[in-house]
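Visitor: First, the structure itself, so that you have it in front of you.
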Amino acid sequence: MDAVLDVLLDIFTQPSIIVALIALVGLAVQQKSFSDVLKGTIRTMVGFLVLSAGAGVVVGSLDPFGEMFQYAFNVQGVVPNNEAIVAQVLIDYGSAAALIFFFGMIINIVLAATTRFKYVYLSGHVSFYIAAMFAVILGVAGFSQWQVILWGSIAQGIYMVVSPALVQPFMRRVTGGDTVALGHTGGAGIAFGGLIAWLTRGKGNSKSTEEMNFPKGLSFLRDTTVIVALSMAVIYIIVGLFAGPTYIEGELSGGTNFIVFLIMQAATFSGGVFIILAGVRVILAEIVPAFKGVSERLVKNSKPALDVPIIFTFAPNAVLIGFLVSFAGGIVGMLGMVALGTTIVIPGVVAHFMTGAAAGVIGNAAGGRRGAVIASFVNGLAITILPLLLLPVLGDIGLSNATFSDADYGVFGLILGGLSEAGGQIAIIVGIVVSVVALYVITFATRGRKAKKAADAEKESVA
């Protein structure tokens, strides 16, 4: 049993394999030729591997930046890092987390097929992380192993349709359609940032981040790769000067001159973003047509919920703005914690890049340049404050020096933890059941309104 579970976990925690299987099924049910099925499946998998490779390059270049920042400004505290906290969770909750993840995907498909929430969550790695969090919270609440798996799987399935739904109104603005959704554990913070950007958009239309006008002599700044590299070089060098050449050359660069090292890290970051954008273009070109087969035959009108880089191509300038402003929001939140004397949550550079960039793109679609700044700053505050509030509901895991980083962990974790504090296991069970019922109530109410509108339209046409 454990061997089978390990194999399934190895398969379904790989986003490239998940989307490749979806592409395979989608193309097959459309009765495409063997050649088209094979080509679409392989290109989808390779596209995701390219995207993942780009993300790995970006993360690798950001790691020394995070270390420099902590050393330069002498900051110690809890670091929001999903990989670090999940590694600790798996020691005690590994089997439960794996089973919640697996059965949660099945419930996701059932809910997508039977409710109006037509989202199939394909970001396998982050959905596994949130399954791990559900396992911890339910375990701390005193549930037995089988109860943790049962209620955790249902909670996971609910999460996998609700999180994309929160962001979808803004995704429609970004993509100009309704064929793809966002599936990432930063969804709540990104959606909240987009909402604030829309509410504060003002009477006039703020220009898009992609409409920046540069003098003729600075036309090279229109190139996303160039502007990202130059901007990050300035930021790396400023932080590097605070950290000092002795620290950088002794601890990070392996003796390479610190300025050369920092410039190379900035260029590597820009190269990683370039790779991500290339991978996204391949995925969108393959997965959307392939998913049409799933949507039409298996889960009618369903939408693939994909990882955050999927929207980076729609506003590359907003990606950089979102990252920098989100990180600034994280610093503001951290300074507030220092002033209040609470546990300090150190801004997680990777989390601010992924979710901050996405918030920038969403905010730009909702309110232009001003919206990009506002949305990403709100996201930065959210992913700094929410991890602090989440710590008490994680039991002994919350006493470690790492925690979950993105907004969805805070929002959905606090809901479950709050129910536990309010009424124990009964309150959690009631809350999960009520959530399932609410999905179907919303579905039936929406269908009723659509049917009434159709009937009224028919009457008008007859008259």
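The values are calculated or read from the model by the stated rules, or taken from the named source; none is laboratory data. Since the structure is predicted, the reported quantities are computational estimates derived from the model, not experimental observations. Virtual Cβ from ideal backbone geometry, glycine too; neighbours counted across all protein chains shown. Please note that ligands, DNA and RNA were not included when accessible areas were found on the heavy atoms of the full protein model with its side chains. Shrake-Rupley method; radii C 1.70, N 1.55, O 1.52, S 1.80 Å.
Visitor: By its C-alpha gyration tensor, with a ≥ b ≥ c as the square roots of the eigenvalues, how is the range 36-137 shaped: rounded for a/c under 1.5, else prolate for a/b larger than b/c, else oblate? Don't skip to the answer; put the middle values down first.
Guide: On the way: a/c = 2.61, a/b = 1.36, b/c = 1.92.
Taking the square roots of the gyration eigenvalues as a ≥ b ≥ c, the range 36-137 is oblate.
Visitor: Report the label-to-label distance for Ile442 and Ala113 in nanometres (one decimal), using points 7 Å from each Cα along the Cα→Cβ vector.
Guide: Each label point is offset 7 Å from its Cα along the Cβ direction, giving 2.1 nm.
Visitor: Scan around Leu182 for amide H atoms under 5 Å from its own, H built in the peptide plane at 1.01 Å from N, and keep only partners 5 or more places away or cross-chain.
Guide: Amide H to amide H, under 5 Å and 5 or more residues apart or across chains, Leu182 pairs with Leu306.
Visitor: Any idea what Rg and Dmax come out to for the range 10-82 if you just take the C-alpha atoms, in Å?
Guide: Values for the range 10-82 (Cα only, Rg and Dmax): 19.2, 61 Å.
Visitor: Now a separate question. Ignoring ligands, DNA and RNA, what accessible area per residue does the chain give at 1.4 Å, in Å²?
Guide: On the way: 19860 Å² over 463 residues.
So the chain comes to 43 Å² accessible per residue, rounded to a whole number.
Visitor: Please list 72-83, 384-395 highest first by mean number of surrounding beta-carbon atoms within 10 Å per residue. Walk me through the intermediate numbers first.
Guide: Values: 72-83: 16.9, 384-395: 21.3.
My ranking of the peptides, most packed first, is 384-395, 72-83.
Visitor: With the convex hull built on the Cα atoms of the chain, state its orientation-averaged projected area in nm². Each step should come with its number before you reach the end.
Guide: Working: hull surface 107.4 nm².
About 26.8 nm², averaged over all directions.
Visitor: Place the peptides 311-321, 92-102, 129-139, 274-284 in order of packing, highest mean first, counting for every residue the other Cβ atoms within 10 Å and averaging per peptide.
Guide: Numbers: 311-321: 24.2, 92-102: 22.5, 129-139: 28.0, 274-284: 20.4.
Output ranking for 311-321, 92-102, 129-139, 274-284: 129-139, 311-321, 92-102, 274-284.
Visitor: What length, rounded to one decimal in nm, is gained on full extension from Ala278 through to Phe73, with 0.36 nm per residue of separation minus their alpha-carbon distance?
Guide: Details: separation 205, 0.36 × 205 = 73.80 nm, distance 3.58 nm.
My answer for the length gained is 70.2 nm.
Visitor: Quickly work out the Ala87-to-Asn301 label distance, labels modelled 7 Å from Cα along the C-beta direction, and quote it in nm with one decimal.
Guide: My value for the distance between the label points is 4.5 nm.
Visitor: Would you calculate the volume per residue, in Å³, of the smallest convex hull containing every Cα atom of the range 273-323? Don't skip to the end; give the middle numbers.
Guide: Working: hull volume 3.8 nm³, N = 51.
For the range 273-323, the hull spanned by Cα atoms encloses 74 Å³ per residue.
Visitor: Given a 1.4 Å probe and every protein chain left where it sits, what share in percent of the accessible area of the chain is carbon and sulfur? Don't skip to the answer; put the middle values down first.
Guide: Values: 13010 of 19860 Å².
The value for the chain is 65 percent carbon and sulfur by accessible area.
Visitor: Here's a follow-up. Ranked highest first by average number of other Cβ atoms within 10 Å, how do 353-363, 50-60, 436-446 line up? The partial results should precede the final answer.
Guide: Numbers: 353-363: 33.8, 50-60: 19.1, 436-446: 13.3.
Ranking the peptides 353-363, 50-60, 436-446 by packing returns 353-363, 50-60, 436-446.
Visitor: Grab every C-alpha pair in the range 280-432, bin the distances at 5 angstrom width from 0 up to the longest one, and report whole percents.
Guide: Spelled out per bin, shortest first, that is 2, 10, 14, 15, 14, 14, 14, 11, 5, 2, 0, 0.
Visitor: Calculated FRET efficiency, Thr256 and Thr343, Cβ-Cβ r, R0 45 Å, to nearest 0.05?
Guide: Numbers: r = 36 Å, r/R0 = 0.79.
In this case the efficiency is close to 0.80.
Visitor: Same structure again: Per q in 0.21, 0.24 Å⁻¹, report the Debye log10 I(q)/I(0) for the range 364-447, using one uniform scatterer on each alpha carbon and no solvent.
Guide: Here log10 of I(q) over I(0) equals -0.95, -1.02.
Visitor: Starting from the Kirkwood Rh over alpha-carbon pairs, what translational D in µm² s⁻¹ does the range 81-204 have by Stokes-Einstein at 10 °C and 1.306 mPa s?
Guide: Working: Rh = 15.4 Å.
Value of D from the Cα-based Kirkwood radius: 103 µm²/s.
Visitor: If R₀ is 35 angstrom, what is the calculated FRET efficiency for the pair Ser33 and Glu211, using the beta carbon separation as r and rounding to 0.05?
Guide: Numbers: r = 43 Å, r/R0 = 1.23.
Working from the Cβ atoms, E equals 0.25.
Visitor: Next question, about the same structure. What shape does the range 214-365 have by the C-alpha gyration tensor, where a ≥ b ≥ c are the square roots of the eigenvalues, rounded means a/c under 1.5, and otherwise prolate means a/b greater than b/c and oblate the rest? Present the calculation step by step, with values, prior to reporting the outcome.
Guide: Working: a/c = 2.17, a/b = 1.55, b/c = 1.40.
Prolate, since a/c reaches 1.5 and a/b exceeds b/c.
Visitor: Between Leu230 and Asp178, what length comes free when the chain is fully extended (0.36 nm per residue of separation minus the Cα-Cα distance, one decimal in nm)?
Guide: In short, 15.2 nm is gained.
Visitor: Place +1 on the Cβ of every Lys and Arg and -1 on the Cβ of every Asp and Glu in the chain, take the dipole about the Cα centre, and give the residue among Gly139, Val441, Tyr121 whose Cα lies farthest towards its positive end.
Guide: Val441
Visitor: Turning to a different aspect of this structure: Do the alpha carbons of any pairs in Lys203/Lys303; Lys39/Lys303; Lys118/Lys207 sit beyond 25 Å of each other, and which pairs?
Guide: Going by Cα-Cα distance, Lys203/Lys303; Lys118/Lys207 fall outside the 25 Å limit.
Visitor: Give me a comma-separated list of calculated 3J(HN,Hα) values for the range 249-262, in order, Karplus coefficients 6.51, -1.76, 1.60 applied at θ = phi - 60°, integers in Hz, x for any Gly or Pro.
Guide: Computed from phi, the couplings for the range 249-262 are 6, x, 10, 10, 8, x, x, 5, 3, 5, 5, 4, 4, 5 Hz.
Visitor: On alpha-carbon atoms, Rg over Rh for the range 284-366 using Kirkwood Rh?
Guide: Working: Rg = 17.8 Å, Rh = 14.9 Å.
Rounded to two decimals, Rg over Rh is 1.19.
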